[in-house]
Amino acid sequence: MLAQDKVRVISFDLVASKPEVIACDIANLPLNNRSVRIAVFSLSLMGTNHVQFLTEAHRILRKKGLLIIAEVASRIDNIDEFVRRLLQIGFRLKTLDTSNTHFFFF
């Protein structure tokens, strides 16, 4: 399935630790509007401007695109407020898993 779809994976981080990672501020990605089917934030919301990161994800995602978040539970002080922000930005919550004591999954 992946070979047929010609999936392209692009990795961004504040610091490029490997040649295949593009260094940038994820609040301002070098991608066109509605150009991405799936965005994954894994340990990505450490910055104080994480709401801007989420807003940028909404900008680049195609209609019916999917945002997957795996974040350290200690980084999200108020889960209800975090979900409310996601909804305000324009996301719909499909799943929320808080069963792990160390990570939240959206």
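The values are calculated or read from the model by the stated rules, or taken from the named source; none is laboratory data. Note that the structure is predicted; figures quoted are calculated from it, not measured. Quick reminder, even Gly has a Cβ in these numbers, built from the backbone with ideal geometry, and neighbours come from all protein chains shown. We work out accessible area using only protein heavy atoms, side chains counted, and drop any ligands, DNA or RNA first. Shrake-Rupley method; radii C 1.70, N 1.55, O 1.52, S 1.80 Å.
Of all the residues that make up segment 74-106, how many are in a strand (DSSP E or B) and either on the phi > 0 side of the Ramachandran plot or surrounded by 13 or more Cβ atoms within 10 Å (Cβ to Cβ) (or both)? Number of matching residues: 3. Within segment 21-41, the set of residues being charged (D, E, K, R) and at pLDDT below 95 comprises just one member, D25. Note on segment 41-73: among residues that are open to solvent by 90 Å² or more (accessible area, probe 1.4 Å) and either touching a Cys at 6+ places or on another chain (Cβ under 9 Å) or not in a loop (DSSP other than H, G, I, E, B) (or both), the one that is nearest to L96 (Cα to Cα) is K64.
Only a single criterion out of (1) over 11 Å from the mean Cα position of the chain (by Cα); (2) closer than 23 Å to L14 by Cβ; (3) among the aliphatic types (A, V, I, L, M) is not satisfied by L93, namely (2). When segment 1-13 is examined, which residues are found to be surrounded by 10 or more Cβ atoms within 10 Å (Cβ to Cβ), at pLDDT 90 or above and in a loop (DSSP other than H, G, I, E, B)? Of everything in segment 1-13, just one residue is surrounded by 10 or more Cβ atoms within 10 Å (Cβ to Cβ), at pLDDT 90 or above and in a loop (DSSP other than H, G, I, E, B), namely I10. Just one of the listed residues (I26, I79, I38, I22) is free of Cβ contacts under 8 Å to residues at least 24 places away in the same chain and of a type in the set (A, V, I, L, M), namely I22.
Across segment 26-40, the qualifying residues are those that are among the small types (G, A, S) and touching a Gly at 6+ places or on another chain (Cβ under 8 Å), and the one among them that is surrounded by the fewest Cβ atoms within 10 Å (Cβ to Cβ) is A27. In this structure, is V36 on the phi < 0 side of the Ramachandran plot, among the β-branched types (V, I, T) and under 11 Å from the mean Cα position of the chain (by Cα)? Taking the combined requirement at face value, the residue does not satisfy it.
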